[in-house]
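Novice: Before anything else, here's the structure in question.
The values are calculated or read from the model by the stated rules, or taken from the named source; none is laboratory data. Just so it is clear, the structure is predicted and the values come from calculations on it, not from any experiment. Every residue, glycine among them, receives a Cβ derived from its backbone with ideal geometry; neighbour counts consider all protein chains shown. Side chains are part of the model used for accessible areas, which takes the heavy atoms of the whole protein and leaves out ligands, DNA and RNA. Shrake-Rupley method; radii C 1.70, N 1.55, O 1.52, S 1.80 Å.
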Amino acid sequence: VQLQASGGGLVQAGDSLRLSCIDSGRTFTGNVWGWFRQAPGKERQFVSAWSAGRIDYVDSRLRIFRDVAENTVYLQMTDLKPEDTAVYYCAAALSPAHPYQYWGQGTLVTVSS
């Protein structure tokens, strides 16, 4: 399983951005996708997940959605704030009972004030 994340960049506060994560090999057969982020000097934290049809998120401004046909998940981010600056990672798990074992390479989002 190879997850490829993309879509990061430099934006201004208040902007929107959409990150993408694709299973490039189309080999993933699980039903859990997640987004995490890690800011400089901080631990990695959960952002949002699609788990067997259920969507979880910490902040409603940052929400996952899935395109089954394209085998891609997205992180739609709105009203971005400087504190959202981080490297964002997508991850996948076989089921809600499994840990995230597949990770993308990360994509940097920088929000300027």
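Novice: Please count how many residues of segment 73-97 are farther than 17 Å from residue 3 by Cβ, in a loop (DSSP other than H, G, I, E, B) and either of a type in the set (A, V, I, L, M) or open to solvent by 60 Å² or more (accessible area, probe 1.4 Å) (or both).
Specialist: Total satisfying the criteria: 5.
Novice: I'm trying to understand the selection: among the residues of segment 49-63, which are over 16 Å from residue 30 (Cα atoms) and not in a loop (DSSP other than H, G, I, E, B)?
Specialist: Within segment 49-63, 56, 57, 62, 63 qualify.
Novice: Collect the residues in segment 14-24 that are within 10 Å of the chain's Cα centre (by Cα), open to solvent by 20 Å² or more (accessible area, probe 1.4 Å) and not polar (S, T, N, Q), keeping them in residue-number order.
Specialist: Within segment 14-24, 18 is the sole residue that qualifies.
Novice: For the structure I just gave you, tell me whether residue 39 is free of Cβ contacts under 8 Å to residues at least 60 places away in the same chain, surrounded by 13 or more Cβ atoms within 10 Å (Cβ to Cβ), under 14 Å from residue 88 (Cα atoms) and within 13 Å of the chain's Cα centre (by Cα).
Specialist: Judged against the criteria, residue 39 is not a match.
Novice: Return the residues of segment 12-48 that are of a type in the set (D, E, K, R), modelled with pLDDT under 95 and touching a Ser or Thr at 6+ places or on another chain (Cβ under 9 Å); say none if nothing qualifies.
Specialist: Within segment 12-48, the first condition is being of a type in the set (D, E, K, R), and the residues that meet it are 15, 18, 23, 26, 37, 42-44.
Now narrow it down to the ones that are modelled with pLDDT under 95: 23, 26.
Once the filter is applied, which keeps residues that are of a type in the set (D, E, K, R), modelled with pLDDT under 95 and touching a Ser or Thr at 6+ places or on another chain (Cβ under 9 Å), segment 12-48 yields only 23.
Novice: Please determine, by comparing only the residues of segment 98-111 that are open to solvent by less than 80 Å² (accessible area, probe 1.4 Å) and more than 10 Å from the chain's Cα centre (by Cα), which one is nearest to residue 7 (Cα to Cα).
Specialist: Selected residue: 109.
Novice: Go over the candidates 32, 1, 47, 11 one by one and state the one that is over 21 Å from residue 98 (Cβ atoms), open to solvent by less than 70 Å² (accessible area, probe 1.4 Å) and of a type outside the set (Gly, Ala, Ser). Before you say what the answer is, go through the steps one by one.
Specialist: Working: 32 fails: over 21 Å from residue 98 (Cβ atoms); 1 fails: over 21 Å from residue 98 (Cβ atoms); 47 fails: over 21 Å from residue 98 (Cβ atoms).
The unique qualifying residue is 11.
Novice: Here is a follow-up. Among 85, 27, which is within 16 Å of residue 101 (Cα to Cα) and over 13 Å from the mean Cα position of the chain (by Cα)?
Specialist: Selected residue: 27, the only one of 85, 27 that is within 16 Å of residue 101 (Cα to Cα) and over 13 Å from the mean Cα position of the chain (by Cα).
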